[in-house]
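Q: For reference, the structure I am asking about is given below.
The values are calculated or read from the model by the stated rules, or taken from the named source; none is laboratory data. None of the values given here were measured: they were computed from a predicted structure. Reconstructed Cβ throughout: ideal geometry from the backbone, glycine too, with neighbour counts over all protein chains shown.
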Amino acid sequence: MREAIIEEKKSWGERFIQLKLKEEEIAHCAQPGQFVMVRAQKGFDPLLGRPLAVMKVEGDSFYLFWEVVGRGTKILASLNLGSKLEVLGPLGKGFSLSPSQALIVAGGRGITPLYFLASHFKKNEVPFTFFLGVKNKEELFMVDFLQDFSGAYFWSCEEPIEGGFCGTVISLFQSWLKDNYLPPGSRIYSCGPEGMLKSLYREEKIRDIPLEVSLETFMGCGFGVCMSCAVEKGNDEGYFHVCKDGPVFLARELKW
Ligand SMILES: Cc1cc2nc3c(=O)[nH]c(=O)nc-3n(C[C@H](O)[C@H](O)[C@H](O)COP(=O)(O)OP(=O)(O)OC[C@H]3O[C@@H](n4cnc5c(N)ncnc54)[C@H](O)[C@@H]3O)c2cc1C
Ligand code: FES
């Protein structure tokens, strides 16, 4: 475990938090799709760290962005500037980084590892289009993150919003697919709720294009010893550990 210091904190209501953390080893080594196990330093509640994807790196610092869903994420959200966190990482295997063209499909907080991926593509001049789906007005602030990618993005909201596509990110993506051609060498990258990933995997029009998904499973240790993150292999030959075999997988390797 390493020690990281909170340098900046932003919050959107009580549900969404972003921290900038100073810890140079993670900032220098993290790759898009990798994650860190994070826990508050004081006390033993909760005992286990929580896995959070790296969103961005900047100098000797890196950013996390998360949704408060339970006890662990709530305790992390209560920490303030200057507090120290215990961080382990960067962990896991990230996304492949050299497609000829990329399509990125994010659902809600699933934007976190994909933002890092898109920043890498932008820096390395890999063409990409970003699709983001949010559930409601409260989550609409996430669309602002995409302004860093000038023009190469579309968004949807499940609540009617003036000027926005009304529906899920999958229906937005399907409507884009009707008018667009994907050249050989294209790749699709996704992270979001399980139902969204399943719908994407089943989409006929992208059957021949490799789809990489980043999974959010429960994790105990984060490095392969506790078995809490097991998911079934698609060929019925056992299990993957999401923490060390993933969290990014080719969708066709998994059981859906
Ligand atoms: C590799 C990886 C990267 C992740 N990156 C991010 C990220 O960047 N931002 C982010 O917001 N979240 C991310 N998550 C999910 C995050 O780790 C969980 O939401 C968090 O561990 C929940 O902890 P908790 O103590 O707050 O909730 P708990 O008290 O453990 O659970 C509260 C509720 O949330 C549900 N829940 C718990 N874990 C998950 C989960 N993984 N998926 C769906 N529902 C869950 C439980 O069933 C329960 O209903 C990531 C998960 C993984 C595996
Ligand atoms: S989280 Fe412990 S084995 Fe994966």
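Q: When you look at residue 112, is it assigned to a strand (DSSP E or B) and either among the hydroxyl-bearing types (Ser, Thr, Tyr) or closer than 17 Å to residue 29 by Cα (or both), yes or no?
A: No, not satisfied.
Q: Filter segment 132-173 down to the residues that are at pLDDT below 95, hydroxyl-bearing (Ser, Thr, Tyr) and touching a strand residue (DSSP E or B) at 6+ places or on another chain (Cβ under 8 Å) and list them by number.
A: Answer for segment 132-173, where residues must be at pLDDT below 95, hydroxyl-bearing (Ser, Thr, Tyr) and touching a strand residue (DSSP E or B) at 6+ places or on another chain (Cβ under 8 Å): just 153.
Q: Taking segment 92-108 on its own, how many of its residues are closer than 15 Å to residue 55 by Cα and buried (at least 23 other Cβ atoms within 10 Å of the Cβ)?
A: The qualifying residues number 6.
Q: Are any residues in segment 14-24 more than 16 Å from residue 145 (Cβ to Cβ) and either in contact with a Lys or Arg (Cβ under 6 Å, 6 or more places away or on another chain) or modelled with pLDDT of 95 or more (or both), and if so, which ones?
A: 21, 22, 23, 24 - these are the residues of segment 14-24 that are more than 16 Å from residue 145 (Cβ to Cβ) and either in contact with a Lys or Arg (Cβ under 6 Å, 6 or more places away or on another chain) or modelled with pLDDT of 95 or more (or both).
Q: Looking at segment 34-56, which of the residues that are away from ligand 2 (no atom under 16 Å from the Cβ) and touching a strand residue (DSSP E or B) at 6+ places or on another chain (Cβ under 8 Å) is farthest from residue 192 (Cα to Cα)?
A: 41
Q: If we keep just the residues of segment 95-110 that are more than 16 Å from the chain's Cα centre (by Cα) and among the hydroxyl-bearing types (Ser, Thr, Tyr), which is nearest to residue 64 (Cα to Cα)?
A: Selected residue: 98.
Q: Across segment 74-91, which residue is farthest from residue 23 (Cα to Cα) among those that are among the hydrophobic types (A, V, I, L, M, F, W, C) and crowded, with 16+ Cβ neighbours inside 10 Å?
A: Result: 75.
Q: While we're here: Of everything in segment 176-207, what is within 17 Å of residue 231 (Cβ to Cβ) and acidic (Asp, Glu)? Give them in sequence order.
A: Residue satisfying the conditions is 194 alone.
Q: With the condition being in contact with a Phe, Trp or Tyr (Cβ under 9 Å, 6 or more places away or on another chain) and more than 16 Å from ligand 2 (Cβ to nearest atom), I'd like the helices (runs of 4 or more DSSP H) fully within segment 137-256 carrying at least 3 qualifying residues.
A: Hits in segment 137-256: 142-145, 169-179, 194-201.
Q: Hey, could you check segment 122-140 for residues that are within 20 Å of residue 54 (Cβ to Cβ) and in contact (Cβ under 8 Å) with a residue 24 or more places away in the chain and say which is surrounded by the fewest Cβ atoms within 10 Å (Cβ to Cβ)?
A: By that ranking, first place goes to 124.
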